[in-house]
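Readers should treat all values here as calculations from the given coordinates under stated rules, not as data from a laboratory. Keep in mind the model is a prediction, meaning the values are calculated, not measured. All Cβ positions, even for glycine, are placed from backbone atoms using ideal geometry, and neighbour counts span all protein chains on display.
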Amino acid sequence: MDRVDFRSDTVTWPTPTMREAMAHARVGDDVYGEDPTVNELEAMAAEMTGKEAGLFVASGTMGNLTAILTHAARGDEAIVGEDAHTFCWEAGGMAALGGVTPRPLPTDRFGRMDLDRVETAVRPDNPHLPRTKLILTENSYGAKNGYPIPPDYFAGLREIANQHGLRLHMDGARLFNAAVARNLPASEITRHVDSVSFCLSKGLCAPVGSVLCGSADFIHQARRIRKSLGGGMRQAGILAAAGIIALTEMVERLADDHALARRLAAGLAQIPGLMVDLETVKSNIIYFGLSDGAPLSAPQIADQIQQKTGILLGAESERGFRAVTHYWIKQSDIQTLISGFQSILAG
Ligand SMILES: *Cc1c(COP(=O)(O)O)cnc(C)c1O
């Protein structure tokens, strides 16, 4: 990459190996099911998540929306964390395009909804009420420092879902960050959910794409929904080829990103005027804030960091920052960013 960019792991460029694989990918018309590279990626994704089948989609948002529209019908309701990506950052797609009402619930520091509140949020059968149909989860949990939630939480949600006949979907945009951070196979993270969508295009560095996984019957239905959303891509093997490299070569190394994030968080936490919830920094995202009385706003500081060091950083609000580590961030960049904050806040 041509610059140091902490704003997100979506900024990652594909690796040279990916570009090579893309150039030589075998392709066919995927809407006919004839792209061998897409088929290989979907089978690999299904195997890694412990599901029967996979579906290559254009983005994480398309993966989640396809899942929601497959699980739920117009007038149904989906229980979701109030700071979940599917609720906050997907353009209201479930309501706008699916007629599905979100039912947002608070989450704790780790991104978990309270199980008792989930259970009481399930609507009784009454013609006044929407039908509760779906629980939307997320792992790692983006808004809570990308916290990797352990599987027992999902086991608890599964029990509630079974009791009330609900479906359980996981927005696993950073599923492999969660798995690596927990030192578990991805299939352990996903074992309690009916469906999962994960991104190839974040820390795994592929240029485009996500895979939605679930039962063979679910994916059969999801394929039609994907087509209706405009997601039937043709010689998509060019893109899937990079996705295969992402899954074979880029998963284990996410541990390096996590180690750098911890180092960065520890360094920032020592700077007077900055606040970090160190306990929840277990993967590659750090939200941190300015304490009261800071002389500059977060956007002003991010500007100064960029002028002094060339580093790009997310200023999420007047007092909040986000830094995300990824393949193209080096150890020396961590030190440069910490020093940048030190000099700006000291002076
Ligand atoms: C990035 C992200 C998505 C959506 O992915 P896009 O490919 O950007 O549409 C969904 N959920 C979470 C938690 C994400 O971080």
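Structural remarks
- The range 222-242: number of residues that are in a helix (DSSP H, G or I) and over 22 Å from the mean Cα position of the chain (by Cα): 5
- Screening the range 25-135 for strands (runs of 3 or more DSSP E) wholly inside it with 3 or more residues that are buried (at least 24 other Cβ atoms within 10 Å of the Cβ) and within 16 Å of the ligand (Cβ to nearest atom) returns the ranges 53-57, 76-81.
- Among the residues making up the range 307-334, a single one is closer than 30 Å to residue 251 by Cα, assigned to a helix (DSSP H, G or I) and free of Cβ contacts under 8 Å to residues at least 24 places away in the same chain: 332.
- Neighbours by Cβ (under 7 Å, 6+ apart or cross-chain): first from the range 9-31, more than 21 Å from residue 326 (Cα to Cα); second surrounded by 14 or more Cβ atoms within 10 Å (Cβ to Cβ) and hydroxyl-bearing (Ser, Thr, Tyr): 25/37; 26/37; 27/37
- Taken over the range 143-197, the criterion of being outside any helix (DSSP H, G or I), touching a Lys or Arg at 6+ places or on another chain (Cβ under 9 Å) and either among the hydroxyl-bearing types (Ser, Thr, Tyr) or within 13 Å of the ligand (Cβ to nearest atom) (or both) is satisfied by 145, 146, 147, 148, 149, 173, 174, 190, 195, 196.
- Residues of the range 198-216 that are more than 16 Å from the ligand (Cβ to nearest atom) and crowded, with 17+ Cβ neighbours inside 10 Å: 214 alone.
- Residue check for residue 159: surrounded by fewer than 24 Cβ atoms within 10 Å (Cβ to Cβ) and more than 25 Å from residue 75 (Cα to Cα): no
- Search result, residues across the range 257-290 that are closer than 18 Å to residue 332 by Cα, of a type in the set (D, E, K, R) and touching a residue at least 24 places away in the same chain (Cβ under 8 Å): 257, 263
- The single residue among 245, 219 that is in a helix (DSSP H, G or I), buried (at least 21 other Cβ atoms within 10 Å of the Cβ) and out of contact with any helix residue (DSSP H, G or I) (no Cβ under 6 Å at 6 or more places or on another chain) turns out to be 219.
- Checked against (1) within 20 Å of the chain's Cα centre (by Cα); (2) assigned to a helix (DSSP H, G or I), residue 282 meets all criteria but (2).
- Test: residue in the range 299-306 that is over 19 Å from residue 342 (Cβ atoms), aliphatic (A, V, I, L, M) and surrounded by 17 or more Cβ atoms within 10 Å (Cβ to Cβ): no
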